[in-house]
Amino acid sequence: GHTNYYHKIANGWINSHICFQLIVYKLSNYIPICHIYFPCSSSFRLYSHFFPYLVPALGVVLARMFHFNFIQLFYLGRFCNLLFYIVCVYWALKIAPRFKLLLFMVALSPMSLHQAASYSYDCFINALSFLLIALILRSIYREEPFHRNEFIALLIASALMCPVKIVYITLLFM
């Protein structure tokens with residue numbers, strides 16, 4: 001689909017307005033964009049949730065406040081994402097009554113660590129998934145009745161995951 005557009009752009013067949021729309025559409029996969037409206041006859045809305053990107057954005061803001069160069073800014077954003085992942089996995093391991101070694105091994109798998117130390121929203125999803133699994137395990141293996149605070153924590157973790165990837169909407173109805 002988009003290869004044809006790139007070919008037309010390269011050959012000058014397409015006007016700059018459509019070229020701008022295509023570039024912003026491609027960038028919307030990498031930049032947190034809430035709503036963008038284009039004033040044209042074939043307007044469309046690009047939509048992406050911004051909260052998975054708040055943690056690395058905090059690192060970028062801190063780096064800009066301290067006047068770091070680009071490389072330091074880049075790595076501080078990634079480090080903040082990794083730190084968020086580590087904190088969430090630590091909490092998940094503390095909360096989980098069983099299967100701690102399994103959670104630990106999955107958390108330390110190379111792909112999990114690669115995604116955790118990147119600007120990808122997968123870090124956010126994986127970290128919250130570990131917390132959600134730990135909360136579910138805690139509620140299953142607990143002999144005491146289900147507490148209201150546990151329900152609220154489960155609801156918050158799944159509600160934060162759902163808008164990022166719509167397939168997780170089923171978590172709200174478990």
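Observations on the model:
- Residue, surrounded by the most Cβ atoms within 10 Å (Cβ to Cβ), within the stretch 151-174, restricted to residues that are touching a residue at least 60 places away in the same chain (Cβ under 8 Å) and not in a helix (DSSP H, G or I): V164
- Residues that are assigned to a helix (DSSP H, G or I) and in contact (Cβ under 8 Å) with a residue 40 or more places away in the chain within the stretch 105-129 comprise C123, F124, I125, N126, A127, L128, listed in sequence order.
- Scanning the stretch 64-81 for residues that are crowded, with 19+ Cβ neighbours inside 10 Å and either aliphatic (A, V, I, L, M) or not in a helix (DSSP H, G or I) (or both) gives a single hit, L76.
- Residues that are assigned to a helix (DSSP H, G or I) and either open to solvent by less than 30 Å² (accessible area, probe 1.4 Å) or at pLDDT below 85 (or both) within the stretch 130-150 comprise F130, L131, L132, A134, L135, L137, E150, listed in sequence order.
- Test for V87: is it at pLDDT 90 or above and assigned to a helix (DSSP H, G or I): yes
- The set of residues from the stretch 95-104 being touching a residue at least 40 places away in the same chain (Cβ under 8 Å) and open to solvent by 40 Å² or more (accessible area, probe 1.4 Å) comprises I95, P97, R98.
The values are calculated or read from the model by the stated rules, or taken from the named source; none is laboratory data. Since we're looking at a predicted model, the values are computed, not measured. As a convention, Cβ positions derive from the backbone with ideal geometry for all residues, glycine included, and neighbour counts pool all protein chains shown. Heads up: the accessible areas ignore ligands, DNA and RNA and are worked out on the full protein's heavy atoms, side chains in. Shrake-Rupley method; radii C 1.70, N 1.55, O 1.52, S 1.80 Å.
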